[in-house]
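Student: One structure is given below, represented as structure tokens, and several questions about it will come after.
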Amino acid sequence: MNKNYMVSLIAVIVLFLIAYVGTQLGAGVQMVFGILVPYLAVALFVAGFIRRVMGWSRSAVPFRITTTCGQQPSLPGFKQAKIDNPSTTFGVVVRMFLEIVCFRSLFRNTKMKLHGGTKMTHQLEIFLWVGALAFHYAFFTVVVRHLRFFTEPVPFFVTILEKVDSFMRIEILYDAVQAGLPGVYMSGLVLVAAAIYLFLRRVFIPQVRYISLVNDFFPLFLIIAIAISGIFMRYLTKVDIVAIKELTMGLVTFRPTIPDGVSYLFFAHMFMVSVLLAYFPFSKLMHMGGVFLSPTRNMTGNTRQVRHVNPWNHPVKVHTYEEYEDDFREKMIEVGLPVVKMPEEKA
Amino acid sequence: MKDKNKILAGLAIFIVVITFPFWFNLGKAAPAPELELTEKAKAAKTCVMSKEFMTAEHMQLLDVWRHNVVRGGERMFVNPDGRQFNMSLSNTCLDCHSNKEKFCDRCHDYASVRPYCWDCHIDNPKGE
């Protein structure tokens, strides 16, 4: 038992119940959860995101603090690591692209181990990288797929993605268990599996558990709950999709309505998504925007080629040696100190 | 800082991308599809199950029907009211709902669903 994840778990369960039970009370409450809360959440998300990034844009970045992960440009005989120690903008662009798309810095994760008590080894530990890739790509696919509820007609890229995502077919048809119809989306299952792995990792690895806080567990539980409620609606307790699309289309065309026959589970699903959106700009989830601004990755490591002057350096009043000698030349000669420039009458 | 413009440009792109559903549907009303029932369907009043069940679960029911017919050789479906139906898409479903374009397709297109019924079945077995 750990209060950090228990608090998060209870918070998510309470949020679910608020919407699930609340919307059973009547049409007025459904208006709140189906119209008011989603609009507020989107507004908070956009405004909060802008505010946060604008705050970052004002931050001082006086020095090049690039992490160099390879040979810097040097004498002709040494081959430069052009991506891992970029000295050109192109190198930085490639490095940033690979970082954002492939999470290369997570791939470099190593585990330290002692063998026989004295011999220390570092070994590659790629499971965080694998879990993170699976999680982020599955989440991205799920988000894009959901555009089918927010566009009419549904654009081609959503349709193509749906086809690819539902490539595998599973059909289980027993009297007790019936699953597999409509077509199974891989992304949803991968999302839940990866999120659960990322949670278990925080619980079972002692060092990671020690640094895991409520604000690490809460979004994980929230995303797991959103994904599971979505999977329930699709495969187990079927819902009236057309009524739901009528509601979501009402939201995006600014003609909000609450049609009949929208299930309570859907309101709970949408409420949790709204909470996630509203929570986003105030949380660690802002790494979505932050990754683009990582100062150790998005700058060229060219400190040996270009002089970078701190832009707000106060102009320093300099008194050079030549000026010093001009001030004290006679006195220096009197006591026999060597001078660079001899006075003219003595020359 | 000199990077401020780049950050603003990135932020602007992000806002345009995430507000895609709002500007994509701008000025378009997307009302829920209206289904047209054939005279025969209107006369029958109820489907093989209740309307609420059929709206949400018809795909599951059809899948079970196919399974029972193809794998089990079983053709008779008895609904909770005790009425019997032949488990057949072409002969039972399409008997009443012979207007696929105005019945099946309207919701499927709206919800971007592509059922694979029609990979094997022809949609108008009576040739009307």
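Student: Any chance you could give the angle, 0 to 90 degrees and rounded to 10, that helix A:264-279 forms with the longest Cα principal axis of chain A?
Tutor: 10
Student: Considering the Cα trace of the protein assembly as shown, what is its radius of gyration and what is Dmax, both in angstroms?
Tutor: Expressed in Å, the Cα Rg and Dmax of the protein assembly as shown come to 32.5, 130.
Student: While we're here: Using a Förster distance of 60 angstrom, determine the FRET efficiency expected from the C-beta separation of A:Lys82 and B:Glu36, and round it to 0.05.
Tutor: E between A:Lys82 and B:Glu36, to the nearest 0.05, is 0.40.
Student: Now for a separate question. Scale the Cα Rg of the range A:192-240 by the rule-of-thumb value 2.2 N^0.38 Å and send over the ratio, two decimals.
Tutor: Working it through for the range A:192-240, the quotient is 1.40.
Student: Could you work out how far helix A:214-231 tilts from the main Cα principal axis of chain A, as a 0 to 90 degree angle to the nearest 10?
Tutor: Helix A:214-231 sits roughly 40 degrees off the main axis of chain A.
Student: Once the piece of chain linking A:Tyr264 and A:Arg108 is laid out straight, how much longer is it, given 0.36 nm per residue of separation minus the C-alpha distance between them?
Tutor: 51.7 nm
Student: Going by alpha carbons, how many degrees (0 to 90, nearest 10) lie between the helix axis of B:51-70 and the longest principal axis of chain B?
Tutor: 60
Student: Taking 0.36 nm per residue of separation and subtracting the Cα-Cα distance, what length does fully extending A:Val14 through A:Leu236 add?
Tutor: Using 0.36 nm per residue and subtracting the Cα-Cα distance, I get 77.7 nm.
Student: When chain A is modelled as a GNM with alpha-carbon springs shorter than 10 Å, which of A:Ile333, A:Ile205, A:Ile170 fluctuates the most?
Tutor: In the Gaussian network model the winner is A:Ile333.
Student: Report the residue, chosen from A:Leu124, A:Leu133, A:Leu147, that carries the largest GNM mean-square fluctuation when chain A is represented by alpha-carbon nodes joined by springs under 10 Å.
Tutor: Looking only at A:Leu124, A:Leu133, A:Leu147, the biggest GNM fluctuation is shown by A:Leu124.
Student: Let me know the shape class of the range A:1-45, please: from the alpha-carbon gyration tensor, a ≥ b ≥ c as square roots of the eigenvalues, rounded when a/c is under 1.5, otherwise prolate if a/b is greater than b/c, or oblate.
Tutor: oblate
Student: Further, regarding this structure: Return the loop-located trypsin sites (Lys or Arg not before Pro) in the range A:249-321 (DSSP other than H, G, I, E, B) with at most 12 other Cβ atoms within 10 Å of their own Cβ; answer none if there are none.
Tutor: Sites meeting the loop and neighbour criteria: A:Arg304, A:Arg307, A:Lys317.
Student: Grab the DSSP H runs of chain A that are 4 residues or longer, score each as -39,500 (n - 2.57), total them, divide by all residues and round the 222 nm result to the nearest 500 deg cm²/dmol.
Tutor: -16500 deg cm²/dmol
Student: Using θ = phi - 60° and the Karplus curve 6.51 cos²θ - 1.76 cosθ + 1.60, what whole-Hz ³J(HN,Hα) does each residue of the range A:43-57 get, with Gly and Pro shown as x?
Tutor: Values per residue, Gly and Pro as x: 4, 4, 4, 5, 5, x, 4, 4, 4, 5, 5, 5, x, 5, 5 Hz.
Student: Pick out which of B:Asp63, B:Asp105, B:Asp81 has the largest mean-square fluctuation in a Gaussian network model of chain B, springs linking Cα atoms closer than 10 Å.
Tutor: Of B:Asp63, B:Asp105, B:Asp81, the Gaussian network model singles out B:Asp81 as fluctuating most.
Student: Would you kindly compute the Cα radius of gyration of the range A:52-175 and its largest Cα-Cα separation (Dmax), both in Å?
Tutor: Spelled out, the Cα radius of gyration and Dmax of the range A:52-175 are 22.2, 74 Å.
Student: Which of the residue pairs A:Lys245/B:Lys45; A:Lys163/A:Lys238; A:Lys79/A:Lys113; B:Lys51/B:Lys102; A:Lys3/A:Lys284; A:Lys79/B:Lys4 have a Cα-Cα distance greater than 23 Å in the structure shown?
Tutor: A:Lys245/B:Lys45; A:Lys79/A:Lys113; A:Lys79/B:Lys4
Coordinate-derived values only; no laboratory data. Keep in mind that what you see is a predicted model, and the values were worked out from it rather than measured. As a convention, Cβ positions derive from the backbone with ideal geometry for all residues, glycine included, and neighbour counts pool all protein chains shown.
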